[in-house]
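Following: one structure in structure tokens, then a few remarks.
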Amino acid sequence: MFSELFYPRQAVLVSASSSEKTNLTAVEYFMPVSEKPPVVALSLHNTSLTLDLICTSMEFVVAIPSEGLNEAVLLCGTTSGKYIDKFAEARLTPMRAKRVSAPLVLEAYANLECKVLSYNSSGDHTVVVGEVLEIHPPKEEREGEPLLFNLGGKRLFGFKQH
């Protein structure tokens with residue numbers, strides 16, 4: 001009930017890598033923290049494989065999905081990367097980043113390469129704060145708008161600017 005009070009929220013995908021594993025997960029606890037320098041924060045469940053990879057590598061990518069990626073976001077948010085390759089299962093294309101080892105998501109509206117500034121356990125989640133090292137902005141030919149997320153009801157929807 002508590003988290004449902006805050007719906008809808010923006011949906012993002014977060015990728016992280018170590019030498020042995022790459023994972024991609026959907027995150028609804030996400031926010032920009034600062035513009036100068038650009039800093040973001042996200043909160044991941046303490047049992048998350050992606051959190052383990054972030055704490056090992058101290059870097060991650062935030063991919064802003066557009067409304068055409070609804071099914072991929074739901075898959076990434078409801079399955080464990082411990083047993084499957086989420087990029088393959090979600091039919092998403094990992095792309096080499098410029099400054100971090102975690103992959104970008106080719107199909108995303110935009111991608112942010114981040115290095116961890118801090119992380120802090122807060123109850124059953126850990127808050128990760130990251131400085132944005134590189135921004136891969138939307139390309140004009142991208143279709144769709146960023147997603148809003150209501151995983152509690154398993155609904156995702158885009159929004160249009162008027």
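Below, the figures for the structure above:
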| read-out | value |
| --- | --- |
| Only listed residue being more than 23 Å from Lys139 (Cβ to Cβ) and touching a Gly at 6+ places or on another chain (Cβ under 7 Å), chosen from Asn46, Asn23 | Asn23 |
| Any hit, region 35-42, residues being farther than 14 Å from Val132 by Cα, assigned to a strand (DSSP E or B) and β-branched (Val, Ile, Thr) | no |
| All positions within region 1-46 that are in contact with a Lys or Arg (Cβ under 7 Å, 6 or more places away or on another chain) and modelled with pLDDT of 95 or more | Asn23, Leu24 |
| Residues located in region 18-36, provided they are polar (S, T, N, Q) and farther than 19 Å from Ser57 by Cα | Ser34 |
| Strands (runs of 3 or more DSSP E) lying entirely in region 73-162 (those with 3 or more residues that are surrounded by fewer than 19 Cβ atoms within 10 Å (Cβ to Cβ) and at pLDDT 95 or above) | 110-122, 125-136 |
| Answer residue from region 54-71, given it is of a type in the set (Gly, Ala, Ser) and modelled with pLDDT of 95 or more and is surrounded by the fewest Cβ atoms within 10 Å (Cβ to Cβ) among those | Ser57 |
| Cross-chain or 6+ apart pairs with Cβ under 6 Å, region 1-13 first and more than 30 Å from Pro103 (Cα to Cα), then surrounded by 10 or more Cβ atoms within 10 Å (Cβ to Cβ) and modelled with pLDDT under 70 | Glu4/Gly152 |
| Flag for Tyr83 being over 21 Å from Val129 (Cα atoms), without any contact (Cβ under 8 Å) to a residue 60 or more places away in the chain and under 13 Å from the mean Cα position of the chain (by Cα) | no |
| Members of region 1-53 that are surrounded by 13 or more Cβ atoms within 10 Å (Cβ to Cβ) and of a type in the set (Phe, Trp, Tyr) | Tyr7, Tyr29, Phe30 |
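The values are calculated or read from the model by the stated rules, or taken from the named source; none is laboratory data. Since this is a predicted model, take the numbers as computed values, not measurements. Cβ atoms come from the backbone with ideal geometry, glycine included; neighbour counts cover every protein chain shown.
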